[in-house]
């Protein structure tokens, strides 16, 4: 399982188990939109999802990345999370040097 695939599964679990959305985990495609064309999450639910992702992965989403396109599908969002996690790890390694 790749890191992105693992992150997708964790985001799906956040949606189903933590946020208790009325969906079945196995029925959410990886390329499914979180917005109108897909799950239809409104801005409040997107904000909750962001907070839960930040907590789960130890990240902080700032305004420059809060682009609606990021939530067009789970694969895009998971790719972003993987990239941000890598940046955090690199920055942590650089500060220890």
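Tabulated data
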{"quantity": "Spatial separation of Cα centroids for the range 57-88 and the range 1-29, in angstrom", "calculated": "15"}
{"quantity": "Nearest-ten-degree value, helix 43-57 long axis tilted from longest Cα axis of the chain", "calculated": "40"}
{"quantity": "Whole-percent pair-distance distribution, where bins are 5 Å wide, for the alpha carbons of the range 40-97", "calculated": "4, 16, 28, 27, 12, 7, 4, 2, 0"}
{"quantity": "FRET efficiency for residue 45 and residue 24, using Cβ-Cβ distance with R0 set to 25 Å, rounded to 0.05", "calculated": "0.90"}
{"quantity": "In degrees, nearest ten, helix 74-96 long axis to first principal axis of the chain (Cα)", "calculated": "20"}
{"quantity": "Most fluctuating residue given options 14, 50, 23, as computed from a GNM of the chain linking Cα atoms under 10 Å", "calculated": "23"}
{"quantity": "Percentage, to the nearest whole number, of Cα pairs in the chain over 15 Å apart", "calculated": "61"}
{"quantity": "Nearest 10 degrees, 0 to 90: helix 3-13 Cα axis against the chain principal axis", "calculated": "50"}
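Only the coordinates and a few stated rules stand behind these numbers; no lab work does. Owing to the predicted nature of the structure, the values given are computational and were not obtained by experimental measurement. Every residue, glycine among them, receives a Cβ derived from its backbone with ideal geometry; neighbour counts consider all protein chains shown.
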